[in-house]
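Here is the structure we will look at, set down as structure tokens.
Readers should treat all values here as calculations from the given coordinates under stated rules, not as data from a laboratory. Model, not experiment: these values are computed from the prediction. Note that each Cβ is placed from the backbone with ideal geometry, even for glycine, and that neighbours are counted across all protein chains shown.
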Amino acid sequence: MKMLIGLTGRTGSGKSCAARIFEDLGAFVADCDSVAHEILFDNEIKKKLCQLFSDSILDSENNIDRKALGAIVFSDEKKLLLLNGVVHKAIVERCLSLCKESGKDICIMDGSELRSSGADLLCKHIVVIKADEKTRLERIMSRDNINREDALKRMNSQKDYDKEAIIIENNFGEDVLREKIRLLYNKFLGEINGQV
């Protein structure tokens, strides 16, 4: 890995679509959400989370019920911080390992919590995908099949990335987003090859 890029954006911004585009262009993408799902099967993590939030977060097969956990943490910022304190370090370590193993020059760490996890400090650049609130709300309700109130809770549980970053507006569809990311990816390749 020659360059690690952080990719972030609030829920519904189109960050996952942006990650797929980077991957199509040849980057390796370490998806923090996917890694977080894996980590929830780790017995030590599961034990810590049950101690914090009770066994009510377990499903009938004794695995973490993500919806039950989400219902607890997305409505209480302190509980969300407790969850993040348990899982962030493990997620970042696993994502870095995946990036190194990939053999790709450009690796993308795709995560909504790059700043709070400290992962942003490891990245050469941070790319923030943004979309207006109405667009995000519609995307979340459709994608997650949830009502407006639950979608707003998720939206309000995340803060904007507030450090220096490359901002990509994503209100005009995938073709426009694809072109913006293609240009940015070529800029990153140029940096690696000393052309910038």
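Trypsin sites (Lys or Arg not before Pro) within the range 120-167: which are DSSP loop residues with at most 14 other Cβ atoms inside 10 Å?
Numbers: sites: K124, K130, K134, R136, R139, R143, R148, K153, R154, K159, K163; in loops: K124, K159, K163.
For trypsin sites (Lys or Arg not before Pro) across the range 120-167 that sit outside H, G, I, E and B with at most 14 neighbouring Cβ atoms in 10 Å, the list reads K124, K159, K163.
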Along the principal axes of its C-alpha atoms, what lengths does the range 5-112 span, in descending order and rounded to whole Å?
43, 28, 24
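Could you grab the Rg to Rh ratio for the range 95-158? Cα atoms only, Kirkwood for Rh.
Numbers: Rg = 15.2 Å, Rh = 14.0 Å.
We get a ratio of 1.08 for the range 95-158.
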Hey, which of these cross-link pairs are over 18 Å Cα-Cα: K79/K153; K100/K130; K67/K153; K79/K130; K46/K89; K47/K89?
K100/K130; K79/K130
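I'd like the antiparallel share, as a percent to the nearest 5, of DSSP beta bridges with both residues in the chain.
5 percent
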Would you pull out the residues with amide H under 5 Å of D65's amide H, same chain only if 5 or more places away, H placed 1.01 Å from N?
L58, D59
Looking at the chain, identify the longest residue range that excludes and avoids all GluC sites (Glu not before Pro) in DSSP loops having at most 14 other Cβ atoms within 10 Å.
62-163
To the nearest Å, what is the center-to-center distance of the range 116-139 and the range 70-88, using C-alpha atoms only?
19 Å
For a quick check: with amide H placed at 1.01 Å from N, whose amide H comes under 5 Å from I126's, ignoring anything fewer than 5 positions away on the same chain?
G6, I166
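Once the piece of chain linking R148 and R20 is laid out straight, how much longer is it, given 0.36 nm per residue of separation minus the C-alpha distance between them?
Values: separation 128, 0.36 × 128 = 46.08 nm, distance 2.66 nm.
In short, 43.4 nm is gained.
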Is the chain best put as rounded, prolate or oblate by its Cα gyration tensor, with a ≥ b ≥ c the root eigenvalues, rounded for a/c under 1.5, and otherwise prolate when a/b is larger than b/c, oblate when not?
oblate
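Below 8 Å, C-alpha to C-alpha, sequence gap of six or more: please give me the relative contact order for the range 127-178 in percent.
On the way: 36 pairs, mean separation 28.3, N = 52.
Once divided by the residue count of the range 127-178, the mean separation gives 54 percent.
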Using a basic spin-label model with each label point 7 Å from the Cα along Cα→Cβ, how many nm lie between N63 and N171?
4.0 nm
Where labels lie 7 Å past Cα in the beta-carbon direction, separation of I192 and N84 in nm:
3.0 nm
